[in-house]
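Structure record follows, encoded as structure tokens.
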Amino acid sequence: MLVSPSILSADWTRLDAAVRLADEGADWLHCDVMDGHFVPNLTFGPPMVAALHRMTRLPLDVHLMIDEPLRSAPAFVDAGAHVLTVHVEAPGVAGPGWPVPAPDAVGGAHPIDRRVLRATLERLRALGVKVGLALRPDTGIGEIESVLEAVDVLLVMTVYPGFSGQSFLPAPLETIRRAVGVRRARGLSFLIEVDGGVVIEDTGPRVAAAGADVIVAGHGVYRQADPVSAMRALRALQPAAYAPGGPADGGDAA
Ligand code: DX5
Ligand code: ZN
């Protein structure tokens with residue numbers, strides 16, 4: 001398992017110490033960028049990512065929870081992003097975007113323009129960055145399955161984006177399992193990253209069993225008594241797809 005601790009949950013009065021902890025046990029460093037429009041919270045932009053890039057050699061895993069992410073994508077690449085992830089639901093990514101559904105909404109197809117989505121992913125790739133595509137819990141993999149060959153990282157959210165420390169939502173576990181199946185059936189190699197409410201005690205093993213390759217953890221690392229041990233424990237989890245005889249093992253996963 002790759003582990004990507006979220007710097008949003010660190011103590012920013014001791015940012016250097018937080019990055020040193022990540023250096024000891026992480027594979028990537030997750031940067032949660034929020035604009036106060038796509039999500040009801042506002043965090044940081046390219047200058048913070050650039051500062052982190054100067055502080056660590058860890059690949060920066062930049063999660064854009066912003067409207068019109070292509071507008072600022074070049075600035076994040078210049079700042080040192082290694083993976084740049086955009087939300088399919090955000091305005092400008094696959095059309096006009098769509099808001100979080102009301103709690104009593106009846107599910108329906110989202111207004112995805114796949115031509116626009118493909119162009120977005122191509123423009124990200126042309127910037128020379130790993131291309132990430134994120135799904136909110138209300139978005140199913142069927143809606144974006146046809147573009148997965150243009151994606152390096154599929155980020156499955158297990159909370160509604162906006163805040164760290166929320167409770168894990170189990171419904172997207174099915175999205176992870178389906179992503180494993182699509183990847184195998186189509187011979188693709190994108191990584192499956194899971195973000196939101198993941199901790200080693202219970203939800204970590206569940207997302208691993210579903211087939212996640214990368215775990216993002218905010219509270220699950222930085223709000224633990226021993227963040228380095230927490231990262232090591234998460235890292236030791238095996239994605240089900242790679243475990244011989246595991247539930248997602250089809251015998252052909254490398
Ligand atoms: C939520 C962010 C997550 C979050 C993770 O909008 O995308 O990355 O900070 O924090 P935890 O692990 O505490 O849910
Ligand atoms: Zn995130």
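Could you identify which residue out of MET55, MET231, MET34 has the top mean-square fluctuation in a GNM of the chain using Cα springs shorter than 10 Å? Between MET55, MET231, MET34, it is MET55 that shows the largest mean-square fluctuation.
Once you've got the GNM for the chain with C-alpha springs shorter than 10 Å, pick whichever of PRO91, PRO101, PRO227 has the biggest mean-square fluctuation. Highest fluctuation of the listed residues: PRO101.
Calculated translational diffusion coefficient of the chain (4 °C, 1.567 mPa s; Stokes-Einstein with Kirkwood radius over alpha-carbon pairs) equals 72 µm²/s.
Where a ≥ b ≥ c are the square roots of the eigenvalues of the C-alpha gyration tensor, would you call the range 75-169 rounded, which needs a/c under 1.5, or, failing that, prolate if a/b is larger than b/c, or oblate?
Numbers: a/c = 2.03, a/b = 1.35, b/c = 1.50.
Taking the square roots of the gyration eigenvalues as a ≥ b ≥ c, the range 75-169 is oblate.
Computed from the C-beta positions of ARG114 and MET55, the FRET efficiency with R₀ = 25 Å rounds to 0.05. Roughly how many Å² is the accessible area per residue of the chain, as a whole number, for a 1.4 Å probe? So the chain comes to 42 Å² accessible per residue, rounded to a whole number.
Could you tell me what percent of the accessible area of the chain is made up of carbon and sulfur, with a 1.4 Å probe and every protein chain present? Solvent-exposed carbon and sulfur of the chain make up 54 percent of the total. Treating each Cα of the range 172-224 as one equal point scatterer and applying the Debye formula with no solvent, the log10 of I(q)/I(0) at q = 0.15, 0.22 Å⁻¹ comes out as -0.41, -0.76.
Backbone geometry of the range 188-198 corresponds, through the Karplus equation with coefficients 6.51, -1.76 and 1.60 at θ = phi - 60°, to 3J(HN,Hα) couplings of 9, 9, 4, 8, 9, 10, 10, 9, x, x, 9 Hz, x marking Gly and Pro.
Dividing the summed helix terms, -39500 (n - 2.57) for each DSSP H run of n ≥ 4, by the number of residues in the chain produces a 222 nm estimate of -9000 deg cm²/dmol to the nearest 500.
The values are calculated or read from the model by the stated rules, or taken from the named source; none is laboratory data. It should be emphasised that the depicted structure is a prediction, and the values quoted were computed from it without experimental measurement. Here Cβ is always computed from backbone atoms with ideal geometry, including for glycine, and neighbour counts include all displayed protein chains. The accessibility values were calculated without ligands, DNA or RNA, using every heavy atom of the protein model including side chains. Shrake-Rupley method; radii C 1.70, N 1.55, O 1.52, S 1.80 Å.
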